[in-house]
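Report on the structure given below.
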Amino acid sequence: MIRPGSGHPTDRATPTTPVARSTAEVVELAGSSASVVEIDARSSVCRACPRLVAWREEVAVVKRAAFADQQYWGRPITGWGDDAPRLLVSGLAPAAHGGNRTGRIFTGDRSGDWLFAALHRAGLANQPESVSAHDGLQLRHTRVVLPVRCAPPGNAPTPAERDVCAGWLAAELRLLLPTARCAVVLGGFGWTALRRALVRAGVEVGRLPAFGHGVEAVLPGGLTLLGCYHVSQQNTFTGRLTEPMLDAVLRRAKELAGLS
């Protein structure tokens, strides 16, 4: 497991960063964070959900055979990209041998291959590949956020785990919303989770339409939520989500964010 302050490219924590070990401590530390950097640091050492802590660290020790020679990140994954974005992309949770291994969301797995290639085609990333936190990838005007920061067993966090982690996302959103104009939401779980986090962040949301690919919801404060099928293999391998479909969503997102 990568220790805080060891020099990893995505690590904003230090050995003295305070650690949340309960829901109450998540609320306290997230609520008192004054910057995106501080949110990233504090959330990256969180230990509030025992099941998720045990799983992510077990995976980091046992590893997948193909990555046996690599040191796994094995900690919560933070949002990543521009700290003052015009466009947000909201996922679900890191993959056990993707983000949990590399330390960067959607990096080192097939979902990331699809997402970052599409962001590159849209002019929102400097390169199409996302294989390692050391690969030089940069996002333009865009930040990827996630409702659940630890890799969950079976890719399925519990509602309680989602609600605990919403404290981090809500605090992050409060700092990002002054500049953000559009949020691309990947999948129905993410649609529900982002709504909950926005409410916790004090955003007037109202009644949202049901999730669907291409569905738009304009919030009273001006942020537009834009639904997109998740870039999981379950969708991309079956053709439920195609590259043209994903490209069209990102073109619309750029328009809504004033980036076209």
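Details
- Backbone phi angles across the stretch 176-184, fed through the Karplus curve with coefficients 6.51, -1.76 and 1.60 (θ = phi - 60°), yield HN-Hα couplings of 8, 5, x, 10, 6, 10, 8, 10, 7 Hz in residue order; Gly and Pro are listed as x.
- Cβ-defined net charge surrounding M1, 9 Å radius [Lys, Arg +1; Asp, Glu -1]: +2
- The stretch 41-141: GluC sites (Glu not before Pro) falling in loop per DSSP and having at most 16 other Cβ within 10 Å: E129
- When each of S130, S43 is scored by the number of other beta-carbon atoms lying within 10 Å, the sequence from fewest to most is S130, S43.
- Charge tally in the Cβ shell below 15 Å around S232, where Lys, Arg are +1 and Asp, Glu are -1, S232 excluded: -1
- Applying a DSSP loop filter and a limit of 11 other Cβ atoms within 10 Å to the GluC sites (Glu not before Pro) in the stretch 183-260 leaves E204.
- For the chain, a Gaussian network of Cα nodes joined below 10 Å ranks A95, A180, A156 by mean-square fluctuation, and the top entry is A156.
- Charge tally around A118: other residues with Cβ under 9 Å, Lys/Arg +1 each, Asp/Glu -1 each, net -1.
- Cα gyration tensor category, rounded, prolate or oblate, for the stretch 1-86 with a/c compared to 1.5: oblate
- Pairs of alpha carbons in the stretch 91-225 whose separation is greater than 24 Å (percent): 31
- A cut-off of 5 Å between modelled amide H atoms, ignoring neighbours fewer than 5 places along the same chain, links L177 with no other residue.
- Here the peptides 22-32, 72-82 are ranked by packing, the mean other Cβ count within 10 Å, and the order with the highest first is 72-82, 22-32.
- Taken one residue at a time, the phi angles of the stretch 40-56 give Karplus couplings (6.51, -1.76, 1.60, θ = phi - 60°) of 4, 4, 5, 5, 6, 10, 4, 9, 7, 10, x, 5, 6, 4, 4, 5, 4 Hz. Gly and Pro are set to x.
- Annotation: amide H-H contacts under 5 Å for N126 (H modelled 1.01 Å from N, sequence separation of 5 or more, or interchain): Q138.
No value in this document is a laboratory result; all are computed from the given coordinates. The model shown is predicted, which means the values in this text are computed figures rather than measured ones. We place every Cβ from the backbone using ideal geometry, glycine too, and count neighbours over all the protein chains shown.
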